[in-house]
1. Dipole of the range 201-310 (Lys/Arg Cβ +1, Asp/Glu Cβ -1, origin at the Cα centre): which of ALA280, ALA258, ILE298 lies farthest to the positive side?
2. Pull up the DSSP beta bridges for the range 132-288 and report the antiparallel fraction as a percent, rounded to 5.
3. Over the range 422-549, what per residue volume does the convex hull of the Cα atoms give, in whole Å³?
4. Express in nm, to one decimal, how much length is gained between MET370 and SER56 on full extension, taking 0.36 nm for each residue of separation and deducting their alpha carbon distance.
5. Per 0.36 nm of contour for each residue apart, how much would the distance between GLN344 and LYS357 grow if the chain were fully extended, relative to their Cα-Cα spacing?
6. Starting from the Cα-Cα distance between LYS137 and LYS455, subtract it from 0.36 nm times their residue separation and give me the gain in nm to one decimal.
7. For the pair ILE294 and ALA34, how long in nm is the line joining their label points, each one 7 Å along Cα→Cβ?
8. May I ask for the equivalent-ellipsoid semi-axes of the chain, computed as the square root of five times each C-alpha gyration tensor eigenvalue and listed largest first in whole Å?
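No lab work stands behind these numbers, since they all come straight from the coordinates. The model shown is predicted, which means the values in this text are computed figures rather than measured ones. Heads up, the Cβs are rebuilt from the backbone with ideal geometry, glycines too, and the neighbour counts pull from every protein chain shown.
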Amino acid sequence: MNIKNLLAKASLLSCAFSLLFTAGCVRKHRSFTAEEINILPQPNEITLAENSFGLSDGMELTYADEQAKEVATTLAEALTKETDLEFSTAGGNDGDIAFILAPDLGKESYNLEVSPKGITISASTSAGFFYGAETLKQLLTKDSDESPWLIPALTIKDAPRFGWRAYMLDESRYFHGADYVKMVLDQMASLKMNVFHWHLTDDAGWRIEIKKYPKLTEVGAFRKDSQISNGKMWKSNDYSGVPHGGFYTQEEIKELVAYAAKRNITIIPEFEIPGHSSAAIAAYTWLGTAGKDIDPPIKFGRHYDNYDVTSPKVEQFVKDVLLELFELFPSEVIHIGGDEVGYQVWEDSKHVQEYMKANGINTPADLQIMFTNKISKFIEQNGRRMMGWNEIMGKNIHGDFSEKKMDKEAETALAKNVVVHFWKGDLNLATEAAQKGYGIVNSLHSNTYLDYNYKSIPLEKAYDFDPIPEGLEPQYHENIYGLGCQMWSEWTPTNKDVEYQTFPRIAAYAEVGWTQPDQKDYEAFKKVLKIKQQEWDALGINYAKVLVE
Ligand code: ACM
């Protein structure tokens, strides 16, 4: 028997002896140093104490209410998987690991208190309990084969900086499938990210079954070929020669929505209107303005038809699709895209021009807003809230696109109660929108686009992103809901490609969303990230090796 085992036995004996005379026994384990506490994202307040809590067979996890019950059960399973120890769960407040109700804590906040005697996780919501449990799992330590599983004695008081911490996956350009989605949802949960923004429709493919319009997937989910980058990206004239397709059935969607909800992740579907709509127009020609039969395009980019927003039948289509989305997605917010609408097809259309004249609509940007406002009203009437890319405010943000730089700006105001997804344009546009009372999710492309290479957005640049625009007065900060990072997938056909672009930058964005600026520290982040990478190695995730040893 080695010395460690001997000491452990001796301490157990003395403990049993003292139990005869006292009410309890506090096992002496080792203490931890601050350098050994590695949690990602960095919590906002940690106070380290002496000693640690040792897990042992038969310990009990208790839960104060039903919302804590599910988290306690899942944590018990996760601890068993990691440690091979058995745990039980029961209602109550006095377990070895106790989930306790703390009504004063905020929506996603938690307090974690670990002493040698026991552990409490306090929260007011299932989200708070969930995050407390996620932190606890990251603290679990085993020093050697013989040593017990330890959790350092400490107190953590934690709450996110922002309520919106999103990862967007574009599945229109390439279908990545449920296994990838589940893997990324698992990773998001561990990183305390809470919004999965699902870009399900675009020119290149329609990826969600809609019962009322079956051709959307029968036709719109499959294309004959795909442009490939060959180092030239948008200018490439090369094609893969391989057909591509795939979509989610409504049953699969429901399963993924439930999978996400169990991990405190809301799925926000994006249904693009009125542009980026060729896959739908390929399925139903009457949806388009040009009246031309098309196939789902095989070339990526912005050069296609738009929905005919002057047609009552098209308006009904959009509402019908939304009604099915409402059934599938319980999210408060529904994303309607609205970006990069090419106005030429509306300029060239006789009936659209007549409609605009008859209705006193002066510019295509106004026509877009008029339609967007109608849809926003419909979404609100159904108890939800619309979100769209910041073009929906009617400003021309595309001075760099030859075909759009002369677009006139809209005079029509965007409906209130909308979430503006800021991705491009002068930062003042985000500031002004926040001042006007719009909710803002900041996804500035130069800082948060995961399809950009690591030269354009190195890890440190991702880490340094601040979703609050510089100079925005503090009274408007609450209108900045948070941030998104966006995985556009034109040039990343395989899941391994997408993983490479996503990881490790997603971890940097997670910390941007969670940790207060005064608690952020890039050097400390890199150190914890190395531990996270071991987990990704074990899972076979193809992260970019940007951390040089
Ligand atoms: C966008 O990148 N077109 C929102």
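1. ALA258
2. Numbers: 8 of 19 bridges.
Beta bridges within the range 132-288, antiparallel portion: roughly 40 percent.
3. Numbers: hull volume 14.5 nm³, N = 128.
About 113 Å³ per residue, rounded to a whole number.
4. Working: separation 314, 0.36 × 314 = 113.04 nm, distance 6.35 nm.
Extending this stretch completely gives an extra 106.7 nm.
5. Numbers: separation 13, 0.36 × 13 = 4.68 nm, distance 1.64 nm.
The GLN344-LYS357 span can extend by a further 3.0 nm.
6. Details: separation 318, 0.36 × 318 = 114.48 nm, distance 3.37 nm.
Gain on stretching LYS137 to LYS455: 111.1 nm.
7. 5.8
8. Values: eigenvalues 486, 106, 94 Å².
Equivalent-ellipsoid dimensions as semi-axes: 49, 23, 22 Å.
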